[in-house]
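The values are calculated or read from the model by the stated rules, or taken from the named source; none is laboratory data. The structure presented is a predicted model; accordingly, all values stated were derived computationally and were not measured. Note that we place each Cβ from the backbone using ideal geometry, even for glycine, and neighbour counts take in every protein chain shown. Accessible surface is based on the protein model in full, side chains and every heavy atom, while ligands, DNA and RNA are left aside. Shrake-Rupley method; radii C 1.70, N 1.55, O 1.52, S 1.80 Å.
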Amino acid sequence: MTEVDPNKVSPMMQHYLQTKEKYPDCILFYRLGDFYEMFFEDAKTVSRVLQLTLTGKSCGLPERAPMCGVPFHAAETYINKLVSTGLKVAVCEQLEDPKLAKGIVKRDVIRVVTPGTNTNVSAMEEDANSYIMCIFYEADLFGVSIADVTTGDFLATELSENAKLMDEIAKYSPKEILVNEAFPLSGISMEDMRNTLHVMVSALPSRHFDPGECSEKLLSHFKVMSLEGLGLGGMEAGALSAGALLGYLLETQKNDLGNITRITPYQTAQSMIIDSSTRRNLELTESMREKSKKGTLLWILDKAKTAMGSRMLRHFIEQPLTQKEAIEERLDAVGELSEKLMDRDEIREYLSGIYDIERLMCRVCFGTAGPRDLIALKNSLSQLSPIRMTSSGFQSALLQRKREEIDEMTDLIGLIDRCIEEEPPVSARDGGVVKDGYNEEVDRLRRIKTEGKQWLVKLEADTRERTGIKNLKIKFNKVFGYYFEVSNSFLKMVPEDFIRKQTLTTGERFTTDELKKMEDEILNSEERLFSLEYQLFCEVRKTAAEQMERLTRTASAVAVLDALASLSYAAEHSGYVRPRINEEGVINIKDGRHPVVEKMIRDGSFISNDVYLDQDQKRISIITGPNMAGKSTYMRQTALIVLMSAIGSFVPAKEADICITDRIFTRVGASDDLASGQSTFMVEMTEVANILRNATANSLLILDEIGRGTSTYDGLAIAWAVVEHISNPKLCGAKTLFATHYHELTELQGKIPCVNNYCFAVKEHGDDVVFLRKIVEGGADRSYGIQVAKLAGVPESVIERAKVIVEELSDNDIAVRVREMAVSGKASQRQKRADEVELYQMSLFDTMKDDDIITELKNLDLPHMTPIDALNALARLQSLASNRYGKDK
């Protein structure tokens, strides 16, 4: 910021500069009356980002200070826009009524808004969490903590590898990442994280990670005696990360974070690991093309009635289970809900009346909830009793447990119902909040406000009768308030208790003790009424905040119940079946379907297919076939069915037997990573390397066209070697679906016991081809690329030329094979073929081993020749042979 001498500016600007000095990395929203003002460099930045007019303010300097401002009632909208661009905003509020202030109004920062701490509901997706992550790195160990300040979630773990850290980041998709100053020593670039993840990444000063302070913050906030009591014993790095994150949240939110009531330590092995590439390729929660929910697995399964249920279902999908008992427990619950449709649908009806309790309670705890929020909370809690009653007949363990965790909260419902009006105003300071009969003083002040005129009329009549002054009237103006007005002709009749207030030419104005008392009550009753109503409202809000643990537990149980009911509803309306779960490493799917694609095909013509993989003779499937035949869809649907079974969902199939899977890897598609300077092939190989290093015998691999990003020979060699590596149980042994256009890979069946060939059937009609979308045993010998190009609308001239070239290239392939056989010199080991031309050529070369034509053929450097060079060489040799031996030989 521009250097400004504090001694040369006004007192208000001095306070602004002092406050700004405490928050140098923030845009300071400084409250002045009905506006939040920004000055100096902040004003220039905000003016540019928000397209606001830049003005100036005289503050004692030779030149006016740059200034821009926004109305206080619209501040949240502007704050959201600034934060979305990666800026931090410190909100400096007036802490006292300017009317009552002596000197400069007292102001201070009440909160700091960052991408990961923004609690404004309009700035976030209601069905997604808004996470902030803190990472502590030291000695090849990462301590990681994650929090959502809007829902109260708080988790911590430790990781030992860079790849695992990136997997966790992909899992939670945080809005903001905090790191310690030593983090760059891990080899991960903060700048690369900002560019690739599109997230705010900032380093916290070392004081945030002081072991003593971190421990003290955690113990004090969660009210325990030791870190072991939090489950963080032996997790030093995790505790430092959690302590630093808690301290950061306390500093930015400026409150006690009462909605964060527990911390959950976890191990990554507790859930299936899904890296960022797999999440993207399978389109779990975001589509690749539109970057939206539509077209994703979440879009198909999310039939939840509450925002909490949608977030819980997203959590299910992003963190599938790896324990058979937990999966079966969810499947039991979904199965029972599907069997008892009337009970399920009745529960869903009650759930539709429940607001987002988690985020409502965030506002309650932070003191920002208004009267309508409390009414929304009351109406939501009122649905809990009928939900518990309807679910009382469920037998599955998970449903019973969640029913018991639901607290009906009748005491809080009763308090809000007694105190708060059913249709209150937006602001608690505007009056009309508290119900009649709740507080005697409120009732009395309301009577004063509404009955004041009647009191004045009665006092006027009584006083006129008492004094005999026939034209005595009670009047009012803003200067003198209420008064008796007496004309000059009746001044002699004025009693002694009248106190003169003003003399006029036509008479005089008086008051009395009774009138002054009534005046005070009438004029001050509204202000006192609004103040008292606000005080009573705050008491009710505080009482609600004190029930945070009960409400958090209840909200979590409701969210799980809603998510399970959503899975049941989706299964019923999409024809899903319950999968069997095994621990024998078998994936057996009959008539499996892609859950998303089948919904996108309106005529219901999706072709189902079987899948069988095990850990013995059926471990790797080599899948060949033309483009557009359905290979990618088939492989993705297999991965999605496996994942759906792991979250406890029914699956799109006639029947399914699915094994426990620790990881799903996908290598599908290709694209340049220009931001980091990586080519298509480099991106592909990086992902393959990650898969080969981390896959286990319990993993599922989906590999699509490995090696296509480089030359044919190199690509084929890499693909071949990858299959060999995966097939070795000592190196990997993962169950694999491997789609390829390298038809040579089909030769691996028989050479490697666990490799099997499959292809997608097609039907030819002349030059046209029909894709049957059905997988069959065996390998394909053609890719039908030209036919696909024709279907895509490639010009006919190009199609015809391509047919000619492919024939020439095929002939060249024959020449290559002949050359290889000639070099070997072992005719007895050659494979005889039915093609008469090839047989003739082979017998010809057998009798001419010393011929110069053969010598030249031997010396051709075919791997480094272009197809055209090869054709020219072949034509020249053909011409020599014709001249020497005749064209008929």
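Stretching Ser186 away from Ala802 to a fully extended chain increases their span by 216.6 nm, per 0.36 nm per residue minus the current alpha-carbon distance. Measuring nothing but how far apart in sequence close Cα pairs (under 8 Å, 6+ apart) lie, relative to its length, segment 473-604 scores a relative contact order of 13 percent.
Normalised by the number of residues in the chain, the mean separation of alpha-carbon contacts (under 8 Å, six or more apart) gives a relative contact order of 9 percent. In this structure, Asp411 and Ala792 have a Cβ-Cβ separation that, at R0 = 51 Å, corresponds to a calculated FRET efficiency of about 0.15. Here each label is just a point 7 Å from Cα along the line to Cβ, and for Lys22 and Arg64 those points are 3.0 nm apart. Here the ratio of the Cα radius of gyration of segment 1-140 to 2.2 N^0.38 Å is 1.16. In segment 486-548, the inverse of the mean reciprocal separation of distinct Cα atoms equals 15.3 Å; this is its Kirkwood hydrodynamic radius. The share of accessible area on the chain that comes from carbon and sulfur is 50 percent, using a 1.4 angstrom probe.
Per residue, the convex hull spanned by the Cα atoms of segment 389-479 amounts to 164 cubic angstrom.
Seen from Trp720, the other residues with C-beta closer than 13 Å to its C-beta sum to a net charge of -3, counting Lys and Arg as +1 and Asp and Glu as -1.
In whole percent, what relative contact order does segment 737-786 give with Cα contacts below 8 Å and a gap of six or more residues? Normalised by residue count, the contact order of segment 737-786 is 33 percent. Quick one: angle between helix 440-467 and the longest Cα principal axis of the chain, in degrees between 0 and 90, rounded to 10, please. Value to nearest ten degrees: 30. At 1.4 Å probe size, with every protein chain present, just tell me what the per residue accessible area of segment 117-209 comes to in Å². With all protein chains present, segment 117-209 gives 38 Å² per residue. In terms of overall dimensions, the C-alpha atoms belonging to segment 550-707 reach 51, 40, 37 Å along their principal axes, ordered largest to smallest.
Shown is the FRET efficiency for Leu772 and Lys294, computed with R0 = 25 Å from the Cβ-Cβ distance and rounded to the nearest 0.05: 0.30.
Pairwise Cα separations in segment 229-301 fall into 10 Å bins from 0 onward with the following percentages, short to long: 16, 27, 23, 32, 2. The residues of segment 244-397 present an accessible area of 38 Å² per residue when probed at 1.4 Å with all protein chains retained. Our summary of shape: the Cα atoms of segment 99-234 have principal axis extents of 59, 39, 30 Å, ordered from largest down, in whole angstrom. Helix 548-574 and the long axis of the chain differ in direction by around 40°, with both axes built from C-alpha atoms. Proximity of backbone amide H atoms, modeled 1.01 Å from N, is registered between Thr55 and Met67, Cys68 at under 5 Å, excluding neighbours fewer than 5 places apart on the same chain. Principal axis analysis of the Cα atoms in segment 749-807 yields extents of 45, 24, 17 Å, listed in decreasing size. If R0 is 35 Å, the Cβ-Cβ spacing of Arg429 and Tyr266 corresponds to a FRET efficiency of close to 0.20.
The distance between label points at Val577 and Gln878 comes to 5.6 nm (points 7 Å beyond Cα on the Cα→Cβ vector). Rounded to the nearest 10 degrees, the angle from helix 75-84 to the longest Cα principal axis of the chain is 20 degrees. Please give me the summed charge of the neighbours of Gly143: other residues whose Cβ is under 13 Å from its Cβ, Lys and Arg +1, Asp and Glu -1. After counting each charged neighbour, the total is -4. For segment 417-457, the solvent-accessible area of protein heavy atoms averages 63 Å² per residue (probe radius 1.4 Å; ligands and nucleic acids excluded).
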